[in-house]
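Everything on this sheet refers to the single structure shown next.
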Amino acid sequence: MSTTTLSVTTPPGEPINQSLIKITNLNSQIEFDFNSTSLKPLTPLVQASFSPEGNLQVSAVVFVASSEKPNLSAVNQESVISDSGETQLDFFIIYDAPEQSYQTFNAYRVDFIVENPPSDLAQIETFLWDSDPVTSRGTVTDVTGG
């Protein structure tokens, strides 16, 4: 897991076609016992694999403050080289929420497909990216089934 400070107002990368993205309200909540003073979004829980056709399939569970109606608007992707020198795709799940700390969060699953991913793809990093971020948090995930 890594934490990255972003100082840009538009998400990095290129948008994934909306027809390849599905957002599902999981009708679940998590709540923390202690008051949080952090403005950082919670890290997504991510699973990734290759389909038999060779497409990359990604499912990410993201947590949005329960007092907000989430505006999960898009997913962008960017090709990078990892710290270890391997091919990596970075994904930015884009949403908009006020910069406040919360204790209770609603869970949403964001599923998306990347057609024709790099053949040597070893891992992905997935960020929950606020449209006016102080910070965003990412999860590094190994890709299986290639």
Legend entry - Estimated inter-spin distance, SER84 and LYS69, nm [label 7 Å along Cα→Cβ]: 4.4 nm
Legend entry - Full-extension gain in nm, SER51 to ASN116, via 0.36 nm per residue minus C-alpha separation: 22.3 nm
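Values quoted throughout were computed directly from the atomic coordinates according to the rules given, and no laboratory measurement underlies them. In this text the structure is predicted, and so the values were computed from the model without any measurement. Glycine also receives a Cβ, built like all others from the backbone with ideal geometry; neighbour counts cover every protein chain displayed.
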